[in-house]
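Student: Sharing a structure here in structure tokens format.
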Amino acid sequence: MPQPTNEGQRLLDARLRGHDKEKRDPPLHKLKRAGLHEIKSGSYRDGPAALAFALAVIAEEAVRTKRRDLVLWCLTQDAAREWGHPYGPGLCALGLDPALFLIVEARTAQDAAWALEEGLKSRALIAALAQIEIKAPLVARRLGLAAQASRTPCLLVSRHQQSGLPGTLSRWRIAAKKSGGVPFDTQAPGAPSWQLTLERCRGEAPGRSFIVEFSHESFRFHLSAASSDRTAEAGESRERRRTHIGHVRTG
């Protein structure tokens with residue numbers, strides 16, 4: 001049986017290792033890229049968690065860049081009735097200044113999508129956020145092109161039944177997770193925590209899942225201990241597979 005070449009061995013080892021560092025960290029930086037990003041709730045009850053995650057993404061970027069540009073938030077009247085209106089103290093808790101939000105509550109999804117596209121064309125935004133049910137692929141493509149042309153990330157929070165939209169740079173499925181404990185106070189609420197599943201992203205393998213937390217002190221995401229433990233178990237499994245294949249080759 002022919003043995004693999006050095007190049008083939010290197011590629012196989014890299015595949016088995018899974019590029020540990022890259023596989024361990026969720027590619028959240030991709031959400032900062034100019035374009036349309038779909039953030040889907042894992043189930044109906046995960047709708048608020050998906051919205052909170054999108055706001056945390058914007059907060060992390062705003063704190064990192066120290067920009068005071070506007071954030072456009074477009075939603076429909078149905079979304080406001082179902083999930084509530086934007087809440088200033090909640091934005092402050094995420095490190096966001098409510099005064100920098102331009103909020104558009106439209107009667108229909110078509111009106112909200114029009115306002116979102118026109119706002120993106122202004123090139124005056126650090127980010128755009130939308131709670132809109134988009135059914136027409138053409139609308140999604142128009143929003144994606146407008147976001148790319150204005151170099152603005154546009155985060156679209158959609159329902160769990162929403163089918164994948166064309167023209168998106170990435171698509172994530174979000175589920176709420178139980179917060180971890182807080183040192184010195186077991187009764188205090190922990191940091192916000194989400195389970196992220198990457199369904200689509202250019203340059204990334206789909207299906208990867210992570211558990212992340214958001215720090216109210218640094219306003220940054222980090223992997224939770226649960227996700228780190230799961231990654232370590234996956235690494236041990238890959239090491240066992242590599243050892244097994246080595247035995248097969250030499251046997």
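Student: Restricting attention to the stretch 200-213, does a residue exist that is surrounded by 21 or more Cβ atoms within 10 Å (Cβ to Cβ), in contact with a helix residue (DSSP H, G or I) (Cβ under 6 Å, 6 or more places away or on another chain) and closer than 28 Å to Asp111 by Cα?
Tutor: no
Student: Regarding Ser150, is this residue among the hydroxyl-bearing types (Ser, Thr, Tyr) and touching a helix residue (DSSP H, G or I) at 6+ places or on another chain (Cβ under 8 Å)? Break it down into steps so the answer makes sense when it comes.
Tutor: On the way: among the hydroxyl-bearing types (Ser, Thr, Tyr): yes; touching a helix residue (DSSP H, G or I) at 6+ places or on another chain (Cβ under 8 Å): yes.
Criteria met by Ser150.
Student: OK, next. Please name all residue pairs, on different chains or six or more residues apart, with Cβ atoms under 7 Å, provided the first residue is in the stretch 196-219 and is touching a residue at least 24 places away in the same chain (Cβ under 8 Å) and the second residue is assigned to a loop (DSSP other than H, G, I, E, B) and among the hydroxyl-bearing types (Ser, Thr, Tyr).
Tutor: Note: pairs meeting the criteria are Ile211/Ser224; Val212/Ser224; Glu213/Ser224.
Student: On the given criteria, is Arg15 charged (D, E, K, R), at pLDDT 65 or above and either in a helix (DSSP H, G or I) or surrounded by fewer than 13 Cβ atoms within 10 Å (Cβ to Cβ) (or both)?
Tutor: Values: charged (D, E, K, R): yes; at pLDDT 65 or above: no; either in a helix (DSSP H, G or I) or surrounded by fewer than 13 Cβ atoms within 10 Å (Cβ to Cβ) (or both): yes.
Considered against the rule, which asks whether it is charged (D, E, K, R), at pLDDT 65 or above and either in a helix (DSSP H, G or I) or surrounded by fewer than 13 Cβ atoms within 10 Å (Cβ to Cβ) (or both), Arg15 comes out as no.
Student: Keeping to the stretch 111-134, report how many residues are out of contact with any helix residue (DSSP H, G or I) (no Cβ under 8 Å at 6 or more places or on another chain) and surrounded by fewer than 17 Cβ atoms within 10 Å (Cβ to Cβ). Steps first, answer last, please.
Tutor: Within the stretch 111-134, the subset out of contact with any helix residue (DSSP H, G or I) (no Cβ under 8 Å at 6 or more places or on another chain) is 111-112, 114-115, 118-119, 122-124.
Applying the additional criterion that residues be surrounded by fewer than 17 Cβ atoms within 10 Å (Cβ to Cβ) yields 111, 114, 118, 122-124.
Number of matching residues: 6.
Student: From the list Lys40, Lys32, which residue is under 13 Å from the mean Cα position of the chain (by Cα) and under 17 Å from Arg123 (Cα atoms)?
Tutor: Details: Lys40 fails: under 17 Å from Arg123 (Cα atoms).
Of the residues listed, the single one that is under 13 Å from the mean Cα position of the chain (by Cα) and under 17 Å from Arg123 (Cα atoms) is Lys32.
Student: Taking the stretch 89-110 as the region of interest, how many residues are surrounded by 20 or more Cβ atoms within 10 Å (Cβ to Cβ), outside any loop (DSSP other than H, G, I, E, B) and either β-branched (Val, Ile, Thr) or out of contact with any Ser or Thr (no Cβ under 8 Å at 6 or more places or on another chain) (or both)?
Tutor: So the answer is 1.
Student: Can His216 be described as surrounded by fewer than 15 Cβ atoms within 10 Å (Cβ to Cβ) and either in contact with a helix residue (DSSP H, G or I) (Cβ under 7 Å, 6 or more places away or on another chain) or modelled with pLDDT under 90 (or both)? It would help to see each step written out before you state the result.
Tutor: Details: surrounded by fewer than 15 Cβ atoms within 10 Å (Cβ to Cβ): yes; either in contact with a helix residue (DSSP H, G or I) (Cβ under 7 Å, 6 or more places away or on another chain) or modelled with pLDDT under 90 (or both): yes.
Against the criterion (surrounded by fewer than 15 Cβ atoms within 10 Å (Cβ to Cβ) and either in contact with a helix residue (DSSP H, G or I) (Cβ under 7 Å, 6 or more places away or on another chain) or modelled with pLDDT under 90 (or both)), His216 qualifies.
The values are calculated or read from the model by the stated rules, or taken from the named source; none is laboratory data. Fair warning: this is a prediction, and the values are worked out from it, not measured in the lab. A quick note on method: Cβ atoms are made from the backbone with ideal geometry, for glycine too, and the neighbour counts reach across all protein chains shown.
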